[in-house]
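Participant: Quick one: structure below, then a few questions.
Values in this text are rule-based calculations from the coordinates and carry no lab data. This structure is a prediction, so every number in the text was calculated from the model and none was measured. Cβ sites come from the backbone with ideal geometry, for glycine too, and all protein chains shown count toward neighbours.
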Amino acid sequence: MPCDTNHTQSLEINQLFGIDPNEIQFPSIGFKTITKDKFGHQVILLQGYAPFNETKCPSCGGENMIKHGTSVATIRLLETNGYKTALRATKQRVLCKGCQHTALP
Ligand SMILES: [Zn+2]
């Protein structure tokens, strides 16, 4: 897998998402694009997603959870071959039908 994250970056991802960064999955093609940041610098953007796990509501324990949009976090990584590199990870949000609590399982 061409995305190597060091320990510090893994911690950042973990704090943002509350997930194990080792769980972030990348599609087999098209996960790497070259884009530009707001300063016009080229950035290699790696796009992955966290797997969706069926879960119980952390608030009321209900099991009637529905998908409720996604959260996206972009984390800057170390430069790769002189290019700025960023990881954009998408995570499914869920909504509890019982108590309306939202969560990132
Ligand atoms: Zn609930």
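Participant: Below 23 Å, Cα to Cα, which lysines can LYS32 reach? Residues fewer than 8 away in the same chain don't count.
Facilitator: Output for LYS32: LYS84, LYS91.
Participant: Okay, next question. What's the FRET efficiency of GLN25 with TYR83 using the Cβ-Cβ distance as r and R₀ = 30 Å, to the nearest 0.05?
Facilitator: 0.85
Participant: So, one more: For the pair CYS60 and ARG93, what calculated FRET efficiency results from E = 1/(1 + (r/R0)^6), where r is the Cβ-Cβ distance and R0 = 25 Å, to the nearest 0.05?
Facilitator: 0.90
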